[in-house]
Amino acid sequence: MSDQKPMAVDGDLYVEIQRFLFREAALLDRRQYDAWLVLMTEDIRYCVTAAVSRDAGANAVEYSIIDENLVGLKSRIDQISNPRLTRAENPRSMTRRVVSNIEAYHSTEPSEFSATSYLLAYRSRPSILEGGFYVAEREDLLRKAGSDWRLARRCVRLDNLMLFDGALSTLL
Amino acid sequence: MAARNSAPEGNDWVDVRRGLVSRDVFVSDEIFRLEMERIFDRTWVFLAHATEIPAAGDFVCRNLGSAPVIVVRDSDGAVHVLLNSCRHRGAKVCRPDSGNVRNFVCPFHGWTYERSGRLMTTTFDRHFPKDFDFSEHGLIRVPRIEVHKGLIFGSWNANVIPLSEYLGEIAWYIDPFLSRSPQGMEVLAPPHRWRAKSNWKVGALNFVGDSQHILTTHVGPLTLDPVRAARAGFATAAENSFQVVTDQGHGCTLTYLAPGLPEEAYQTHPHELEPLYKEVLQADQRQLLNRLRVIVGTIFPNLSFIETQVGPAQKAVIVRQWRPISGTEMEILSWVLAEKEASTDYKATVLRNGFHNFGAAGVFEQDDLELWASATYASNNAIAKQFPYSFHTALPYIDAPEKDHKWPGRAFKPADTEVAQLEFMRHWDRCMNSAA
């Protein structure tokens, strides 16, 4: 690791990254999964972790609840996007992903950028009536090829110490 | 003070003869409170896996019935289970989920306890009456703790029967999944934890033997890779498969691969670990594992387990607890286990593939919980409660266990009936109607 602090991305490049993250969230909210999958690199690694409540002085402990490559992601999407193959997402959940607090940095690779963002994702189900929030920080690795951006790695760190209303069936 | 709950005279919650169970049993908060008294404060309840607290001072915070408890390992290796509430004014003396402690210092006024629960100091010892007996004011200790193959159980009932007797014949079936190598199994990560708007027994029944939900609830993952690829022969397996019922309400369902598959399909367990099984398991128990596709079962009241195929010669063992919160809500805790001797790579694969299927974002779990919540919601009204749940497919089989079953317990064929579920409810009913 270099001692230098990573250099923040600003200007037009920052706006491009912001636009990519907003668009990607909107595709998930609109359930345009095929268009969303196109934004993943072939070597995507998509992870969601939850935290264990620990003493403030003790080391943090988190555990994975999702850890997928492209094949696993496609399989999850094949399940939740096909009305015959899902109970959790048929009838459809209502979801809204609010993405904010974006910070982006250059990396040692000229075409790769890291981005952290805050995510507030609301989900409600017809069978449960009241909805709830997933709240998370996300660490992404983005790749730029010309004007195209792709997501190469995402780690979603949930702040929820207890997930509400059953198992997570949506992507964050 | 509120009167103790009592079961209504001649309640008809469970009618085994007619295969009916009242919907109240799955939604009522009054029945939930009575369950705490008559089941969870009386019997053995699972608390933690020994490998979650390997070192002196390691602890996890759990619940025994409705009471929060600390499960802590002492410097001599002993495990103590303590009510997590200060003897002074009740604050939790230990508030994280897990960690390591030298002793427990109450953050409210400073009463300090050893890991054994013994009261060391109140910090105002000089103001106490001369006859105050410190030894009488330690943290309340759970009177009975026993460990079976790494599973730590506790009971608030000092007179509960020994754990080995309580588990009885079901131990023969669960041991090949909890301890089948010289070093035994270990948990691979902290438990997944999530809440579900459903009664705890819905989970317990689902695991004790509900083969009928698999092809409808789980049509998604069964149709898609990677599960589809790993389940060749599943649909034609029923003739070799059976349910087991033992005393105390325990039960399990074993699903075997059908004959006639390519030989490699029968390699269900890892090649490199099988020689270790020979060192620990009886020949009959190894035969139990041979060609086994899935075992799923429940230890009464609320501990379940499943071993399922997650890849060629890869099995994930999942231990699962359904913690009651009310008549209509539970918390689920779920651990993934593997043999301690297994390679780091194998453990990582089993962990990842295990929680891909069963866990806080499991592809099986998400559809189960949606339907359990919908059943809970739709049953929790006066009109629906006039119409009990149906367990009718148990009836033609429940009095006809397999006559030539050579292993422990009573076996029932075929596997896709509701015998084990109705037997679970029969035992539940017995507990709930027993005043003593």
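In the set B:Gly203, B:Gly220, which member is in contact with a Ser or Thr (Cβ under 9 Å, 6 or more places away or on another chain), modelled with pLDDT of 95 or more and within 13 Å of chain A (Cβ to nearest Cβ)? Among B:Gly203, B:Gly220, only B:Gly203 is in contact with a Ser or Thr (Cβ under 9 Å, 6 or more places away or on another chain), modelled with pLDDT of 95 or more and within 13 Å of chain A (Cβ to nearest Cβ).
Of note, B:Phe300 does not satisfy the criterion of being among the aromatic types (Phe, Trp, Tyr), buried (at least 20 other Cβ atoms within 10 Å of the Cβ) and out of contact with any helix residue (DSSP H, G or I) (no Cβ under 8 Å at 6 or more places or on another chain). Only one of the numbered conditions (1) surrounded by 18 or more Cβ atoms within 10 Å (Cβ to Cβ); (2) more than 14 Å from chain B (Cβ to nearest Cβ); (3) touching a helix residue (DSSP H, G or I) at 6+ places or on another chain (Cβ under 9 Å) is violated by A:Ile17, and that is (3). For A:Val61, all conditions in the list (1) within 11 Å of chain B (Cβ to nearest Cβ); (2) surrounded by 15 or more Cβ atoms within 10 Å (Cβ to Cβ); (3) under 21 Å from A:Arg125 (Cβ atoms) hold save one; what is the number of the exception? The number of the failed condition is (3). Only residues that are within 14 Å of chain A (Cβ to nearest Cβ), part of a loop (DSSP other than H, G, I, E, B) and β-branched (Val, Ile, Thr) were counted in the range B:92-147, giving 2.
If you go through the range B:159-177 and keep only what is farther than 30 Å from B:Pro270 by Cβ and either touching a Cys at 6+ places or on another chain (Cβ under 6 Å) or crowded, with 16+ Cβ neighbours inside 10 Å (or both), you end up with B:Val160, B:Tyr166. Inspection of the range B:14-26 identifies no residue that is more than 25 Å from the chain's Cα centre (by Cα) and within 17 Å of B:Pro143 (Cβ to Cβ). The residue pairs whose first member lies in the range B:77-94 and is over 19 Å from B:Leu151 (Cα atoms), whose second member is of a type in the set (D, E, K, R), and whose beta carbons are closer than 7 Å, counting only pairs six or more residues apart or on different chains, are B:Asn84/B:Lys92; B:Ser85/B:Lys92.
Matching residues to (1) assigned to a loop (DSSP other than H, G, I, E, B); (2) at pLDDT below 95; (3) closer than 28 Å to B:Phe424 by Cα; (4) at the interface with another protein chain (Cβ under 10 Å from one of its Cβ atoms):
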position: B:Lys315; (1), (2), (3), (4): no, yes, yes, no
position: B:Met330; (1), (2), (3), (4): no, no, yes, no
position: B:Phe355; (1), (2), (3), (4): no, yes, yes, yes
position: B:Glu370; (1), (2), (3), (4): no, yes, yes, yes
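Every condition in (1) over 26 Å from B:Gly168 (Cβ atoms); (2) in contact with a strand residue (DSSP E or B) (Cβ under 8 Å, 6 or more places away or on another chain); (3) of a type outside the set (Asp, Glu); (4) assigned to a loop (DSSP other than H, G, I, E, B) is met by B:Pro301 except one, and the failing one is (1). Restricting A:Ser75, A:Ser100 to residues that are within 7 Å of another protein chain (Cβ to nearest Cβ) and outside any loop (DSSP other than H, G, I, E, B) narrows the list to A:Ser75. Out of A:Ser111, A:Ser107, A:Ser117, one residue alone is more than 14 Å from chain B (Cβ to nearest Cβ), in contact (Cβ under 8 Å) with a residue 12 or more places away in the chain, of a type in the set (S, T, N, Q) and under 20 Å from A:Ala35 (Cβ atoms). It is A:Ser117.
The values are calculated or read from the model by the stated rules, or taken from the named source; none is laboratory data. This is a predicted model, so every value here is computed, not measured. So basically every Cβ, Gly included, is an ideal-geometry build from the backbone, and we count neighbours across all protein chains shown.
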